[in-house]
Amino acid sequence: MYLLGTILIMSGIVAASVATVGYALVPGGNTAALAYGRIGTRAAFGAVLAVAALIMYLFLARRYDIQYVYDYSSADLEFGFRIAAMWAGQPGSFVVWALWGLIAAQLLVRRTRHAEPYVLSVLMLIQAALLVFMLVRNPFIPFTDPATGAAATPADGKGLNELLHNPWMIIHPPILFIGYALMAVPFAFAIGGLWRRDYDGWARAALPWALAAWSFLGLALLLGGYWAYETLNWGGYWGWDPVENSSLVPWLTTTALIHTLLIQRTSGGMRRANFALAILTYVLVFYATFLTRTGVLSSFSVHSFVAEGLKSIMTGFLAALALFGFGFLALRWRDIPSRPISEKLLSRDSFFVLMALGLLVIAGVITLGTSMPVISAIPGVGHALQSFFGAAFELDRGQAIDPSAPAFTDGRFGLVAGFYHATVPPLAIILVLLMIVGPLLGWRDTSMRHLLRTLRWPALAAVLVACAGVLLGARDLLPLAYIGLGAFAAGTNIVMIVRTLRGGWLRIGGYLAHVGLAVLLTGVVGSSFYATPELRLSLPQGQKISAYGYDFEFHDWKLNEQGRGVLDLSMTRRGSTYRAQPNLYLNPRMGATMATPSIKSEFFQDVYVSPQEYQPAIDRNSTQLSVNDKREIGPYTITFLGFDAAESHGGNSGDIGAQLKVTYQGQDTVVSPIIRLVANETDPAKALQHLPADLPGGKTVVFDDFNPLQRWVLVRVTGLDLPVEPAKAVITVSVKPGILLVWLGVIIGVLGGLIALVRRTLEGRWQPGGARSRLPRGLANLLRSPRP
């Protein structure tokens, strides 16, 4: 399989390279090379499809003789996760990424008309790079025995990481890579536009792709957040982890790009800025990949891959991408004609520019914080930055993930959530203010009187919502501002939705996305600023403890249907009982305790139950002893000396004894309680007999259980009747109001983005004579609309 798989990857690289070169020759007048470009594009897609099919076959066939299959699957893995395991590691995720990119390439062949050779040559070059990364981390390398170094076939694999053994693993990564793959298309259009000096046409063609990338990446961020919320047991959906941030930043710059592309589409302004934003966004996509996959964040992020030999090649490609993109833009800078945008402050032009600037500032702040482990690793820089940032923010010197790890002494550090909490919310409030007024403005100018008249009702609604927030307990200025201004923004955009619906539902996408963002922000404020503190409860079995209006009761620790340990809890409020069963068990493969929360979702809030510890019942009448261990039970001190040799009774039964030294009132005595195994006995109670031994003081000792391999015994003294401490479940409980608004806001926003995508795609269709496409007014008309 190694040879076949490697040949397929190399075939993909060769085909993508042929496509790149073929397309690149066309602008020079070699029109015959266009066919090679198209054939190479199709062939690369076929090769990567075959690579993906082969990897999937290897996982389904349980081919543990392949290192990648051995590392990420096992015999007990379900069918769906056996497929999802394909993208659990670096090579497989590159396959998925390249596959989506090549599907996008197929959609661009012949449909981009004169721009095809320019755009496809860039896009196929990126696919070739991804395939080279895949070849470096070849997923078809055979498994080798660590002891001998020879090829071997293990009986079973290591299994999928338990945190990845989750339904969202099947959905989240593919959608994330759709977003990443689609973000290459606006970049390719931008480079193509610079190449052929088409400074407006590329923007019109790139806009639908930017909207598609924005929607899919936004959906991926939502799914990732929800996955973390319900699985990772830390109580949140966004932890400002560097890897999370690295995907958020290109999403923010894409948001800015979409707004500035709309300006160019309407008035012809922002040409240079749009080229810069399109290039910057894709450079940031690859920068996110560099941070995630080269191991530079492995001590600062729970999501990062460790170093796997890609650092040099990815650093080189990232540098080449940035130099080529921005260098080409600099070369064409003076050639790009500029057109002024409206000088009126109350114009959509001005507000969109301010919105883009605000998004870039926030993206810059987050990039700075995310990049700090890389920046501080520069010799001579780290300690100076530590002094500067340490005066205001908490620093992570490499111990946030593993507190037992030694702190870095060479100056390296990361910035934790406190940095982002202090910087991002005050900046984001400016965006909310822009989102209130911007949609109401005309492109060039706006009548103040009409504007104020339109603002009346949304403003009144915002005041009422803010008052309701105060009545519900909101007191701090910043969250109260977010609640009121978020309602204000939602109100003005709803007004615009109502107005534009007269022209057809396809025109509401942008406003709907703004409403989604306002709803999201309200949910973030509720679930973060007003979440209750995590209350730690120690619940003795069978007893009730009240917290946050609920009566919590721990029933037992048991195994569920999947064989995982759960704390069986009940939460009772006003006569209604909810059964909570958070996972808490030791995963022997990972050698770690796995803890997954239980969440009771209500309309206004979630009750988040996080398992921390299970303490078994303690019977003070018994004890477990290894050889030479000494324990006290009441007045007795018992030492386990070893096993008595097994004694057979004519083949019908056999005895094994535990030789114990018992110290009582200063006198030592050796006793030997026995476990007798009776052959051919159908009654289990009689098949295993415990024969006690007498102790001084009138009590007896019983030999209850043993493990001959680990050489321990469990013994119990009868007659003392010492108290038994019940088992305990230790949990933390918190209440998160408004969490539903977080998920709802993102869904509304993505829906708005998809509607805008359909609109801009239809508008971008070529019409004879350059006439503008007319948008269908209803869904039925959309389905009947003619194809180009």
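Figures for the structure shown
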quantity	calculated
Residues whose placed amide H lies under 5 Å from that of Arg412, excluding near-sequence neighbours	none
Two-decimal log10 I(q)/I(0) for the chain, as the Debye equation yields it once each C-alpha is a single scatterer, q = 0.07 Å⁻¹	-0.66
Residue-normalised accessible area of the chain, expressed per residue, 1.4 Å probe, Å²	45
Nearest-10 value in Å² for the accessible area of Ser538, using the 1.4 Å probe	50
Using θ = phi - 60° and Karplus 6.51 cos²θ - 1.76 cosθ + 1.60, couplings along the range 256-272 (whole Hz; Gly, Pro as x)	5, 4, 4, 5, 6, 5, 5, 4, 5, 4, 8, 10, x, x, 6, 4, 5
Placed amide H near Ala580: partners under 5 Å, 5+ positions off or other chain	Leu569, Ser570, Met571
Accessible area of the range 496-626 belonging to carbon and sulfur atoms, whole % at 1.4 Å probe	53
Dipole magnitude (debye, nearest 20) for the range 1-153, charges at Cβ of Lys, Arg, Asp, Glu	620
Carbon/sulfur fraction of accessible area - the range 363-465, other protein chains in place, 1.4 Å, %	68
Per-peptide average of other Cβ atoms within 10 Å, ordering 271-278, 341-348, 324-331 highest first	271-278, 341-348, 324-331
Between the range 524-541 and the range 16-38, the Cα center-to-center distance that results, in Å	61
Local net charge near Gly268, Cβ-Cβ under 10 Å (Lys/Arg +1, Asp/Glu -1)	+2
For Met594, distant residues with modelled amide H under 5 Å away	Tyr585, Leu586, Asn587
Karplus 3J(HN,Hα) series, Hz, for the range 553-570 with 6.51 cos²θ - 1.76 cosθ + 1.60 (x for Gly, Pro)	9, 9, 9, 5, 9, 8, 8, 8, 5, 8, x, 9, x, 10, 8, 8, 10, 10
Proximal lysines relative to Lys699, as straight alpha-carbon distance under 28 Å, when same-chain residues fewer than 8 apart are discounted	Lys630, Lys661, Lys686
Mean Cβ neighbour count within 10 Å, used as a protection proxy, ranking 469-481, 56-68 highest first	56-68, 469-481
Packing rank of 483-490, 446-453, 110-117, where each peptide gets the mean count of other beta carbons within 10 Å, highest leading	483-490, 110-117, 446-453
Debye, to nearest 20: dipole size of the chain, +1 on Lys, Arg Cβ, -1 on Asp, Glu Cβ	5000
Label-point gap, in nm, between Thr572 and Glu632 - each point 7 angstrom along Cα→Cβ	4.0
The range 231-367: translational diffusion in µm²/s, Stokes-Einstein, Kirkwood Rh over Cα pairs, 4 °C, 1.567 mPa s	77
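The values are calculated or read from the model by the stated rules, or taken from the named source; none is laboratory data. It should be emphasised that the depicted structure is a prediction, and the values quoted were computed from it without experimental measurement. FYI the Cβ positions are ideal-geometry reconstructions off the backbone, even for glycines, and counts take in every protein chain you see. Note: areas computed on protein heavy atoms with side chains; ligands, DNA, RNA excluded. Shrake-Rupley method; radii C 1.70, N 1.55, O 1.52, S 1.80 Å.
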